[in-house]
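The values are calculated or read from the model by the stated rules, or taken from the named source; none is laboratory data. Since this is a predicted model, take the numbers as computed values, not measurements. Counting neighbours? That spans all protein chains shown, and the Cβs are built from the backbone with ideal geometry, glycine included. For accessibility, only protein heavy atoms count, side chains too; no ligands or nucleic acids. Shrake-Rupley method; radii C 1.70, N 1.55, O 1.52, S 1.80 Å.
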Amino acid sequence: MTRRTEWPGTDAGAVPGPEYAAEPSGEFPEPGRGAGFGEGAGRRSRSRSRDSGSPSSSRAEKGEPRDPVEQARNICLRLLTGTPRTRKQLADALRKKEIPDEAAEEVLSRFEDVGLIDDAAFADAWVESRHHGRGLARRALVRELRTKGVDPTVIDEAVGQLDPEQEEETARELVARKLRSTRGLDRDKRLRRLAGMLARKGYGEGMALRVVRQAIAAEGEDTEGLDEPF
């Protein structure tokens, strides 16, 4: 069972804020005070000053936490600032920072509980943005979401919201924008170029051929034989 941590300074159900960080502990005595006076005390003070340059002391002075759970929390908060990310993306980032698996799991689960990580919402937004912004079809969207580490069931639900009629209409718009640049080319070459463009964006062969054939026919060009696979 994963141990739950209530973040210091927050209520049990509150989203942890970025303001909490471990504070440097302890203060070094001033030269000539504390343990003694004179030359011996000065040497001890200089020795302490040299010791304070160690990596652990340096991290403490900068406010960097030594607790791996707090380190993981701070890393995730920085990565999530302004950019939604999947749980796998954050887990990979924590692994690269050599955060222990137990600490990473605790923080990631906590962030899911408070809604800072939501793979379903991420997938929905990704489909909406990439389809309307880049014209990507379902197959391309599925490939991209897989690389983000989204669960296959969540991916299916997200791409399932993409209406087939809207997908075909987007394919027509993509072809219409590229059609002019292919004028003057051999008919078969136009077919391959336009259908290939749709294929790279994830459109199936049948839809690509149909949309390209109709676009070329609308220009008055003979389309006989253009139903052949490209």
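Of all residues in the stretch 139-159, those satisfying the criterion of being open to solvent by 90 Å² or more (accessible area, probe 1.4 Å), more than 22 Å from GLY206 (Cβ to Cβ) and under 18 Å from the mean Cα position of the chain (by Cα) are ARG146, THR147. PHE230 meets all of the listed conditions (1) at pLDDT 95 or above; (2) assigned to a loop (DSSP other than H, G, I, E, B); (3) in contact with a Lys or Arg (Cβ under 6 Å, 6 or more places away or on another chain) but one, namely (1). Restricting attention to the stretch 173-212, which residues are open to solvent by 80 Å² or more (accessible area, probe 1.4 Å) and part of a helix (DSSP H, G or I)? The answer is GLU173, ARG177, LYS178, ARG180, SER181, LYS189, ARG192, ARG193, ARG200, GLU205, ARG210.
Pairing residues of the stretch 111-129 that are more than 15 Å from ILE155 (Cα to Cα) with residues that are not in a helix (DSSP H, G or I), at Cβ distances under 6 Å and at least 6 apart in sequence or on separate chains, gives PHE111/ILE117; VAL114/VAL15. When ARG130 is tested against the conditions (1) under 15 Å from the mean Cα position of the chain (by Cα); (2) surrounded by fewer than 16 Cβ atoms within 10 Å (Cβ to Cβ); (3) closer than 30 Å to ALA215 by Cβ, the lone failure is (2). The requirement of being assigned to a helix (DSSP H, G or I) and either touching a Gly at 6+ places or on another chain (Cβ under 8 Å) or open to solvent by 70 Å² or more (accessible area, probe 1.4 Å) (or both) is satisfied by GLU112. All conditions in (1) open to solvent by 20 Å² or more (accessible area, probe 1.4 Å); (2) within 30 Å of GLY206 (Cβ to Cβ) hold for ARG66, with the sole exception of (2). Could you go through the stretch 67-80 and let me know if any residue there is assigned to a loop (DSSP other than H, G, I, E, B) and touching a Leu at 6+ places or on another chain (Cβ under 9 Å). No, there is no match, as no residue in the stretch 67-80 is assigned to a loop (DSSP other than H, G, I, E, B) and touching a Leu at 6+ places or on another chain (Cβ under 9 Å).
Could you say which residue among LEU136, LEU162 is at pLDDT below 95, within 30 Å of the chain's Cα centre (by Cα), surrounded by 14 or more Cβ atoms within 10 Å (Cβ to Cβ) and outside any helix (DSSP H, G or I)?
Of LEU136, LEU162, the one residue that is at pLDDT below 95, within 30 Å of the chain's Cα centre (by Cα), surrounded by 14 or more Cβ atoms within 10 Å (Cβ to Cβ) and outside any helix (DSSP H, G or I) is LEU162.
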